[in-house]
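Here is the structure we will look at, set down as structure tokens.
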Amino acid sequence: MNNTLAKFDNLYFILGRSLLGLYFIAPGVLKITGYSGTLALMEAKGVPLSAVLLPLTIALQIGLGLMLVAGKQLRISALLLFGLTLMINIAIHNFWTLQGDPSYAHELQNFIKNLGIAAGLLVLATKGK
């Protein structure tokens, strides 16, 4: 039975890395279409240099997401997205500042979800060159 499942390993790998790539491509595109709203959110959260970091974030999310989908430079792409995910998590999903606020549970859930995505990126980085 292990051989039966193992023959799909390459398919699972391609599908998994592609889904992770799409997880970054879609928000990158949405940041373009909702640029002013995203910039306002970043500024409201106190992100320094928001006007510089937003275009950089968009470029990284779309560019590195495409690299994951294409299977190119997986190690570096996954590690860069890991770092970006952690920075976004700390800057935007800072649930610890929201005690008593109705958005506390939502931000905590997003923070934990992003830790799972970051974990997947670390696993993916072990398969890259």
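The values are calculated or read from the model by the stated rules, or taken from the named source; none is laboratory data. Quantities reported herein were computed from a predicted structural model and do not represent experimental measurements. Using ideal geometry, Cβ is built from the backbone for each residue, glycine included, and neighbour counts are taken over all protein chains shown.
Some values worked out for this structure:
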quantity	calculated
Set 41, 19: member being closer than 29 Å to residue 70 by Cβ, part of a helix (DSSP H, G or I) and of a type outside the set (Phe, Trp, Tyr)	19
Those residues of region 10-34 which are surrounded by 12 or more Cβ atoms within 10 Å (Cβ to Cβ) and within 17 Å of residue 122 (Cα to Cα), in sequence order	13, 14, 16, 17, 18, 19, 20, 21, 22, 23, 24
Contacts under 8 angstrom Cβ, first residue in region 64-83 being over 16 Å from residue 116 (Cα atoms) and touching a residue at least 24 places away in the same chain (Cβ under 8 Å), partner of a type in the set (D, E, K, R) and surrounded by 18 or more Cβ atoms within 10 Å (Cβ to Cβ), 6 or more apart	68/17; 69/17; 71/17; 74/17
So residue 66, is it over 24 Å from residue 43 (Cβ atoms), modelled with pLDDT of 95 or more and either among the hydrophobic types (A, V, I, L, M, F, W, C) or exposed (fewer than 13 other Cβ atoms within 10 Å of the Cβ) (or both)	yes
Count - residues of region 86-123 that are touching a Phe, Trp or Tyr at 6+ places or on another chain (Cβ under 7 Å) and either assigned to a loop (DSSP other than H, G, I, E, B) or touching a residue at least 60 places away in the same chain (Cβ under 8 Å) (or both)	4
